[in-house]
Amino acid sequence: EPTLDDLARDILRRNDRGGYTVPTGGLYPFQWNWDSAFVALGFAEFDRNRAWQEIESLVSAQWEDGMIPHIVFHQHDAGYFPGPEVWNTGRTPPTSGITQPPVLASVVRQLWEQEGADPSHPRMRALYAACLKSHRWFHTYRDPLGNGLVMVTHNWETGRDNSSEWDHALDRIDTSGVGSYQRRDTGHVDAAMRPTQREYDRYVAILQFGRSSGWDHRVIADQGPFRMIDVGMSMMLLRANRDLLALAEAIGDEAAADELRGRVALSEQGMDWLWNEEVGAFCSRDVITGESSGLVTNASFLAFYAGVGTPAQRQRLLDALERMGRSAQYLLPSLEAGSRDYDHRRYWRGPIWLVVSYMVARGLAEQGQADWAERIRADSTRLIIRSGFYESFSPETGEGSGGGDFSWTAAMWLAWCG
Ligand code: DGY
């Protein structure tokens, strides 16, 4: 009888395409940015070299301006839309034209500390430089308000693709020029678990705007049709800046350390722009209209991971967690039950993603909320024992949803909840 540890390692090996890992065969047949970061934490439990290699292969596709793309198309695969010819970024290897949540620096710090935190560690030093460049890209292109928060220009950048947070902004997207295309995702998994056709048309329209600008991120940031401050990425970049600062200090890169201290302080102050007093949570907010989503999502709780919030704000977040803990069988749902368009099976409108749960639990443990951290960890363990290594899970029934044999879920078992 193979153990769950055996099965998790086996998933990572089978999803390995030679130095990088696909999130899952079929549905996501290329390398994805934040998936690879979490996958490295899984490999780190049994193959140190392979863990570093996962990140190095992602970073090898970094753009000259510093952006680390959200997908790297190392090999051809016709089973995915939108493929490299649709993005048309002109890169080798081909990549998408947008980025994804910046969790890399945090993972690099973890891997490095696991190996004794030697400041001369060559692989850490090379990745430190790449992360610094990528963070500067965010600071240059994605901070339109100058308050240290992160603007996204496509909902796919958030990694929480189909969250209801983006609905109002997507409603305004003009799809008249989209033309016809063939979706591939619904050929791999049940359409009830995926975005609707109406939503997909909007995703494609935003992509087409970027492509028509020649992927000029200055133009996209100034005029793009979708511009939101994402609470998730804002929290993750703040955390990643703290982790990168620790590396800068260890290396003795004083100039970068000063710069990063400034960025951390700016974001700590700036986060209040996302606080929604009515709902008692940090919420994503539209740059164009100023509207707050007013939704409590799993990303709202990344405030603990980022180390922000007044005592009163944190108490209100814990109240929300308490409510969610009462209404769900399992924590931590991606959207609070009862919110508009909540659906326990549909992509990012209810299901649980263990990578977000992991970051939230880490933050809670660090901020003196060990009981909540343990509840989230124990629920995550139960989900895998009940259903296996799915992409996501219903908070109501614990059933798996989305893709199966999912790399980052296997990684979270090995590195965290198993
Ligand atoms: C997809 O194709 O749904 C991916 O999540 C985009 O990154």
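The values are calculated or read from the model by the stated rules, or taken from the named source; none is laboratory data. The shown structure was predicted, so the numbers you read here are calculated from the model rather than taken from an experiment. All Cβ positions, even for glycine, are placed from backbone atoms using ideal geometry, and neighbour counts span all protein chains on display.
Numerical summary
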read-out: Where residue 54 falls short, out of the listed (1) among the acidic types (Asp, Glu); (2) closer than 17 Å to residue 124 by Cβ; (3) over 18 Å from the mean Cα position of the chain (by Cα); value: (3)
read-out: Number of the condition not met by residue 181 [criteria: (1) touching a residue at least 60 places away in the same chain (Cβ under 8 Å); (2) assigned to a helix (DSSP H, G or I)]; value: (2)
read-out: Selection within the stretch 208-230 - buried (at least 19 other Cβ atoms within 10 Å of the Cβ) and either over 16 Å from residue 86 (Cβ atoms) or among the hydrophobic types (A, V, I, L, M, F, W, C) (or both); value: 209, 215, 217, 220, 224, 225, 226, 227, 228, 229, 230
read-out: Restricting the stretch 293-307 to residues that are part of a loop (DSSP other than H, G, I, E, B) and in contact with a strand residue (DSSP E or B) (Cβ under 8 Å, 6 or more places away or on another chain), the residue that is surrounded by the fewest Cβ atoms within 10 Å (Cβ to Cβ); value: 294
read-out: The stretch 31-83 - residue that is aliphatic (A, V, I, L, M) and not in a helix (DSSP H, G or I) and, of those, farthest from residue 156 (Cα to Cα); value: 44
read-out: Single unsatisfied condition, residue 8 versus (1) small (Gly, Ala, Ser); (2) under 18 Å from residue 101 (Cβ atoms); (3) touching a residue at least 40 places away in the same chain (Cβ under 8 Å); value: (2)
read-out: Enumeration of residues in the stretch 1-30 that are away from the ligand (no atom under 16 Å from the Cβ) and either in a strand (DSSP E or B) or among the hydrophobic types (A, V, I, L, M, F, W, C) (or both); value: 4, 7, 8, 11, 12, 16
read-out: Subset tally (residues that are surrounded by 23 or more Cβ atoms within 10 Å (Cβ to Cβ) and out of contact with any Pro (no Cβ under 6 Å at 6 or more places or on another chain)) for the stretch 84-105; value: 9
read-out: Selection from the stretch 241-275 of residues that are surrounded by 19 or more Cβ atoms within 10 Å (Cβ to Cβ) and polar (S, T, N, Q); value: 241, 267
read-out: Residues being among the polar types (S, T, N, Q) and within 16 Å of the ligand (Cβ to nearest atom) - total across the stretch 89-126; value: 5
read-out: Test: residue in the stretch 67-88 that is over 22 Å from residue 24 (Cβ atoms), touching a Leu at 6+ places or on another chain (Cβ under 9 Å), modelled with pLDDT of 95 or more and within 16 Å of the ligand (Cβ to nearest atom); value: no
read-out: Helices (runs of 4 or more DSSP H) within the stretch 337-414 that include 1 or more residues surrounded by fewer than 23 Cβ atoms within 10 Å (Cβ to Cβ); value: 354-366, 370-387
read-out: Conditions (1) within 21 Å of the chain's Cα centre (by Cα); (2) on the phi < 0 side of the Ramachandran plot; (3) of a type outside the set (Phe, Trp, Tyr); (4) buried (at least 17 other Cβ atoms within 10 Å of the Cβ); number of the one not met by residue 136; value: (4)
read-out: Pair list, Cβ under 7 Å, 6 or more apart: the stretch 300-327 residue under 17 Å from residue 270 (Cα atoms), other residue buried (at least 24 other Cβ atoms within 10 Å of the Cβ) and among the small types (Gly, Ala, Ser); value: 300/281; 302/232; 309/303
read-out: Verdict on residue 141 being among the aromatic types (Phe, Trp, Tyr) and either over 20 Å from the mean Cα position of the chain (by Cα) or over 26 Å from residue 270 (Cβ atoms) (or both); value: no
read-out: Residue list for the stretch 164-192, filter: within 12 Å of the ligand (Cβ to nearest atom) and crowded, with 20+ Cβ neighbours inside 10 Å; value: 185
read-out: Residue check, residue 233 touching a Pro at 6+ places or on another chain (Cβ under 6 Å), crowded, with 21+ Cβ neighbours inside 10 Å, within 24 Å of residue 342 (Cα to Cα) and at pLDDT 95 or above; value: yes
